[in-house]
Amino acid sequence: MKIKLLSIILLLLSLQVNCQNHEPLADSSWFIEVKNPENYIGIALANGRIGLTPTEIPFKIKSIILNNIYEKESELGVSKIMEGINFGNLNVSIDGEIVDLKSVTDWKQSLNMKEAYLETSFIFRNKAAISYRTYALRGLPYMALTDVNIKPLNKTIEISVSGVIQTPSDLIPGLSTFRILKDNEIHMPLLQTNASGKFNRNNLTATATFIFGDKNPELRHIKIDDFEHQLNFTEKVSQNSDFQFAWAGAICSSGDFADPQNESERMVIYLMRNNKNKALKQHKQIWEELWTGDIIVEGDKESQQDIRLALYHLYAFSAPNTGLSIPPMGLSSRIYNGHIFWDTELWMFPPLLVFNRQIAESLLDYRINRLEKARQKAYGYGYKGAMYPWESDDTGEEATPSWALTGTFEHHITADVGIALWNYFRVTHDTVWLRNKAYAVLADIADFWVSRAEKNSDGSWSVNNVVGANEFAPNVNDNAFTNGSVVTVLNCATKAATALGIEPENSWIEVAGNLRISQMENGATREHSEYAGEIIKQADVNLLSYPLEIIKDKDQIRRDLEFYEPRIAPEGPAMSHSIFSVLYSRLGDCEKAYYLFKKAYIPNRRPPFGALAETADFDNTYFATGAGGMLQAVIFGFAGLKLTDDGIIQDKPCLPAHWKSLTIKGAGPERSTYYIKN
């Protein structure tokens, strides 16, 4: 009996030790798992250069979007971001039957936000358990990979797999080839397609291949038509064994490479020759580093996942040292032609500035590198300094369709760019960067606004004939947000000059101190000179309280909130309620702030992952601008952080009652942690 009791004790101790040695269970807040493919709107996988949109259909990718690579949308149209040659699809058959949604059960997809891959799994006809992971490789930014595992369940099966390269219909297909390159008896099979835009602005090449383990099945080339060809193999897989393979590809363009064809080949060969595991390890390591900047919510799992998904997308759509910016829909679609708007500087940039200095600098490089085009635009419209386009593409010229008044008159973008530059300096205090890169832009922006403003007979100044943030009111005078952003950026330029020991222009100070921002009879700030209470598209006046912080009086902030909140159009974009949430947090009304935080994105979530649409009544996802807004509600509202001339500081946090705690991790140059407990 004693021996038996001792054995039980030893067994329990052994189990305890084993449990301590095992890795802890995965934190479910990093995963979004879905089991219903109905009403499916995909989630983006991206690495700052290319973006993939997976679908619910097994082994299918909807599209591959190429960052900063453009073609004309039509003969008389403007530029449009290019959808690349799609090398991401596989056709898989088992025992002669195609694997599709109708033939599988137990379908499941899981987005791993921590390691940035989408895993799909299912059972095929009770014959095979299949799973695969799809990556937009972070360390190889022109490449993507699908890693597949097939396990027979009851008996030997025969699988037939075709890797597919498809040319989108709006491209002109070029040479499609299958070649087996050879060096020192090493065989390198490559499937390749070349194509060009219809107006020959860019040439594209996609190259792909299979990567196997010990087995190397015989490959067969199948030409479907000018727009599609495939690389096929067939393999018998016995019961109780797993068959693993990967399908990997690279896409290069003449916008990035002088010889995209050969470069894409070399990239695929690099991955093929024993570097797959290295690439996956590097991908994981880079994402681990990105997630040193994180937001942790205790006590609200839904909000935690939504916040992580928003931050995941901002990280996925951007990358350091690229000089690239982020379109409103990131790299998930071609909506808004993939152009760059104020969405980056005002909405997405602030969270990234808090968490990742290198990405923030890269976003600003996009504007700095296009200063000459901004100067050219100012000159072309009779102004001094630099005038940034409302919609920008790779050229830095105005890319807004000419029928849209925003492209000709929405000028606050030029102030928004300067404010972002100054905020970067406020956080980093990098005087070398300010002197060598940013000051020329800030000074030219200030000169533009002095030449753009008009002096009134009473000594005040006005900015006339603009489209403001409220785009429902075109061609107005003294729009509140436009004037507020001008005051702010002129003060930024003055401070920048002082920081560098340069005498600021007196005209900057004069215009900043005398620009008209008026009030209505009820005491609310007037949205523009003729405004009389109409419905507005999105927050405008309230932006003077945050992020501009021109209006600081709490009574005035509340008065403006109470007046404009009910006047936001239901069809307006998501960001207004994020601004309202920040302001109510700063007023100490935590529950109202939480209500507005949720209102900023819950109506816009789309199944099954919760991808954000721009508005409640459209399915245009993923709206990275809205993600930036909701993150600001958390960082600068609930957590109480502020961007100041002394860097990032914490003022008064304001947590929702049911949140146990909120942690902002990895903030600012010192990677500081802010922990707020209820």
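Within region 99-127, take every residue that is touching a residue at least 60 places away in the same chain (Cβ under 8 Å) and small (Gly, Ala, Ser) and give me the one that is nearest to Pro607 (Cα to Cα).
Across region 99-127, the extreme among qualifying residues is Ser110.
Given the structure, is Asp430 touching a strand residue (DSSP E or B) at 6+ places or on another chain (Cβ under 6 Å) and either within 20 Å of Ser392 (Cβ to Cβ) or not hydroxyl-bearing (Ser, Thr, Tyr) (or both)? Break it down stepwise before answering.
Numbers: touching a strand residue (DSSP E or B) at 6+ places or on another chain (Cβ under 6 Å): no; either within 20 Å of Ser392 (Cβ to Cβ) or not hydroxyl-bearing (Ser, Thr, Tyr) (or both): yes.
Considered against the rule, which asks whether it is touching a strand residue (DSSP E or B) at 6+ places or on another chain (Cβ under 6 Å) and either within 20 Å of Ser392 (Cβ to Cβ) or not hydroxyl-bearing (Ser, Thr, Tyr) (or both), Asp430 comes out as no.
Give the number of residues within region 396-432 that are part of a loop (DSSP other than H, G, I, E, B) and either over 23 Å from Lys642 (Cα atoms) or touching a residue at least 40 places away in the same chain (Cβ under 8 Å) (or both). Even if it seems obvious, please write down each step before you answer.
Taking region 396-432 first, the residues part of a loop (DSSP other than H, G, I, E, B) are 396-397, 399-404, 410-411, 429-430.
Imposing the further condition that a residue be either over 23 Å from Lys642 (Cα atoms) or touching a residue at least 40 places away in the same chain (Cβ under 8 Å) (or both) reduces the set to 396-397, 399-404, 410-411, 429.
So the count comes out to 11.
Each row is one residue, and each column tells you yes or no for (1) without any contact (Cβ under 8 Å) to a residue 24 or more places away in the chain; (2) among the acidic types (Asp, Glu); (3) surrounded by 19 or more Cβ atoms within 10 Å (Cβ to Cβ).
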residue: Pro603; (1), (2), (3): yes, no, no
residue: Pro607; (1), (2), (3): no, no, no
residue: Phe623; (1), (2), (3): no, no, yes
residue: Gly628; (1), (2), (3): no, no, yes
residue: Phe638; (1), (2), (3): no, no, yes
residue: Asp645; (1), (2), (3): no, yes, no
residue: Ala657; (1), (2), (3): no, no, no
residue: Thr663; (1), (2), (3): no, no, no
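Gly523 fails exactly one of the following numbered conditions: (1) without any contact (Cβ under 8 Å) to a residue 40 or more places away in the chain; (2) surrounded by 20 or more Cβ atoms within 10 Å (Cβ to Cβ). What is the number of that condition?
(2)
Which condition from (1) part of a loop (DSSP other than H, G, I, E, B); (2) of a type outside the set (Gly, Ala, Ser); (3) surrounded by fewer than 21 Cβ atoms within 10 Å (Cβ to Cβ) is the one that Lys495 breaks?
Condition (1) is where Lys495 drops out.
Within region 341-395, how many residues are more than 24 Å from Ser451 (Cβ to Cβ) and not in a helix (DSSP H, G or I)? Outline the logic, then answer.
Residues of region 341-395 that are more than 24 Å from Ser451 (Cβ to Cβ), as a first pass: 343-344, 347-363, 365-366, 393-394.
Still in the list and also not in a helix (DSSP H, G or I): 356, 393-394.
Residues flagged as more than 24 Å from Ser451 (Cβ to Cβ) and not in a helix (DSSP H, G or I) within region 341-395 amount to 3.
Sort out which residues of region 555-575 are assigned to a helix (DSSP H, G or I) and touching a residue at least 40 places away in the same chain (Cβ under 8 Å), and write them in order of number. Before the answer, list the steps.
In the first step, residues of region 555-575 are kept if they are assigned to a helix (DSSP H, G or I); the result is 555-567, 575.
If the condition is that a residue be assigned to a helix (DSSP H, G or I) and touching a residue at least 40 places away in the same chain (Cβ under 8 Å), then Phe563, Tyr564, Met575 are the ones that fit.
Which of the residues belonging to region 92-114 are of a type in the set (A, V, I, L, M, F, W, C), over 31 Å from the mean Cα position of the chain (by Cα) and part of a strand (DSSP E or B)? Before the answer, list the steps.
Just the residues of region 92-114 that are of a type in the set (A, V, I, L, M, F, W, C), to begin with: 92, 94, 98-99, 101, 104, 107, 111, 113.
So of that shortlist, the ones also over 31 Å from the mean Cα position of the chain (by Cα) come out as 92, 94, 98-99, 104.
Passing the criteria: Val92, Ile94, Ile98, Val104.
How many residues are assigned to a strand (DSSP E or B) and in contact (Cβ under 8 Å) with a residue 60 or more places away in the chain when one looks only at region 144-190?
Quick first cut of region 144-190, residues assigned to a strand (DSSP E or B) only: 144-152, 157-166, 171-183, 186-190.
Then keep just the ones that are in contact (Cβ under 8 Å) with a residue 60 or more places away in the chain; that gives 144-152, 157-166, 171, 181, 186, 188, 190.
Number satisfying all stated conditions: 24.
Anything in region 320-338 that is buried (at least 24 other Cβ atoms within 10 Å of the Cβ) and not β-branched (Val, Ile, Thr)? List them, or say none. Can you show your working first?
Residues of region 320-338 that are buried (at least 24 other Cβ atoms within 10 Å of the Cβ), as a first pass: 325-332, 338.
Of everything in region 320-338, those that are buried (at least 24 other Cβ atoms within 10 Å of the Cβ) and not β-branched (Val, Ile, Thr) turn out to be Ser325, Pro327, Pro328, Met329, Gly330, Leu331, Ser332, Gly338.
Mind listing whichever residues of region 320-362 are under 15 Å from Gly293 (Cα atoms) and basic (Lys, Arg)? Step through it out loud before you land on a result.
If we filter region 320-362 for residues that are under 15 Å from Gly293 (Cα atoms), which is where we start, we get 320, 348-360.
Within region 320-362, Arg357 is the sole residue that qualifies.
Whether any residue in region 417-436 is crowded, with 23+ Cβ neighbours inside 10 Å and under 24 Å from Ser79 (Cβ atoms) is what I want to check.
Yes: one or more hits.
Restricting attention to region 456-473, does a residue exist that is assigned to a helix (DSSP H, G or I), assigned by TED's automatic domain parsing to the domain that holds Ala415, under 33 Å from the mean Cα position of the chain (by Cα) and within 23 Å of Gly572 (Cα to Cα)? Reasoning before the result, please.
Step one: filter region 456-473 for residues assigned to a helix (DSSP H, G or I), giving none.
Checked against the condition, which is being assigned to a helix (DSSP H, G or I), assigned by TED's automatic domain parsing to the domain that holds Ala415, under 33 Å from the mean Cα position of the chain (by Cα) and within 23 Å of Gly572 (Cα to Cα), region 456-473 yields no hits at all.
Kindly provide the set of residues from region 59-85 that are over 17 Å from Ser392 (Cβ atoms), touching a residue at least 40 places away in the same chain (Cβ under 8 Å), among the aliphatic types (A, V, I, L, M) and surrounded by fewer than 24 Cβ atoms within 10 Å (Cβ to Cβ), ordered by number.
Once the filter is applied, which keeps residues that are over 17 Å from Ser392 (Cβ atoms), touching a residue at least 40 places away in the same chain (Cβ under 8 Å), among the aliphatic types (A, V, I, L, M) and surrounded by fewer than 24 Cβ atoms within 10 Å (Cβ to Cβ), region 59-85 yields only Ile61.
Counting only residues that are surrounded by fewer than 23 Cβ atoms within 10 Å (Cβ to Cβ) and polar (S, T, N, Q), which one in region 609-621 is nearest to Leu543 (Cα to Cα)?
Thr615
Within region 140-163, can you find the residues that are of a type outside the set (Val, Ile, Thr), touching a strand residue (DSSP E or B) at 6+ places or on another chain (Cβ under 6 Å) and within 27 Å of Ala319 (Cβ to Cβ)?
Correct list: Tyr142, Met143, Ala144, Leu145, Asp147, Gly163.
Condition first: more than 12 Å from Asp540 (Cα to Cα) and modelled with pLDDT of 95 or more. Now tell me which residues in region 570-583 satisfy that.
Answer for region 570-583, where residues must be more than 12 Å from Asp540 (Cα to Cα) and modelled with pLDDT of 95 or more: Ser578, Ser581, Val582, Leu583.
Which one of these is β-branched (Val, Ile, Thr), surrounded by 14 or more Cβ atoms within 10 Å (Cβ to Cβ) and outside the structural domain of Tyr142 (by TED's automatic domain parsing): Val268, Val297? Give the derivation first.
Details: Val268 fails: outside the structural domain of Tyr142 (by TED's automatic domain parsing).
Selected residue: Val297, the only one of Val268, Val297 that is β-branched (Val, Ile, Thr), surrounded by 14 or more Cβ atoms within 10 Å (Cβ to Cβ) and outside the structural domain of Tyr142 (by TED's automatic domain parsing).
Do any residues in region 247-266 that are more than 23 Å from Thr146 (Cβ to Cβ) have Cβ atoms under 9 Å from those of residues that are crowded, with 17+ Cβ neighbours inside 10 Å and of a type in the set (Gly, Ala, Ser), where the two are at least six apart or on different chains, and which pairs are they?
Matching pairs, first to second residue: Ser254/Ser196; Phe257/Ser264.
In this structure, is Arg125 basic (Lys, Arg) and either buried (at least 23 other Cβ atoms within 10 Å of the Cβ) or in the same structural domain as Glu398 (by TED's automatic domain parsing) (or both)? Lay out the reasoning, then the answer.
Numbers: basic (Lys, Arg): yes; either buried (at least 23 other Cβ atoms within 10 Å of the Cβ) or in the same structural domain as Glu398 (by TED's automatic domain parsing) (or both): no.
Spelling it out, it is not the case that Arg125 is basic (Lys, Arg) and either buried (at least 23 other Cβ atoms within 10 Å of the Cβ) or in the same structural domain as Glu398 (by TED's automatic domain parsing) (or both).
Assuming Ser241 fulfils every condition listed in (1) under 19 Å from Ile65 (Cα atoms); (2) more than 19 Å from the chain's Cα centre (by Cα) apart from one, which condition is it?
Exception for Ser241: condition (1).
If Ile536 meets every condition in (1) more than 27 Å from Thr644 (Cβ to Cβ); (2) surrounded by fewer than 22 Cβ atoms within 10 Å (Cβ to Cβ) apart from one, which number is that one?
(2)
Against the condition β-branched (Val, Ile, Thr), in contact with a Leu (Cβ under 8 Å, 6 or more places away or on another chain) and buried (at least 19 other Cβ atoms within 10 Å of the Cβ), how does Ile165 come out, does it pass? Even if it seems obvious, please write down each step before you answer.
Working: β-branched (Val, Ile, Thr): yes; in contact with a Leu (Cβ under 8 Å, 6 or more places away or on another chain): yes; buried (at least 19 other Cβ atoms within 10 Å of the Cβ): yes.
Criteria met by Ile165.
The values are calculated or read from the model by the stated rules, or taken from the named source; none is laboratory data. These figures come from a predicted structure and were not determined experimentally. Using ideal geometry, Cβ is built from the backbone for each residue, glycine included, and neighbour counts are taken over all protein chains shown.
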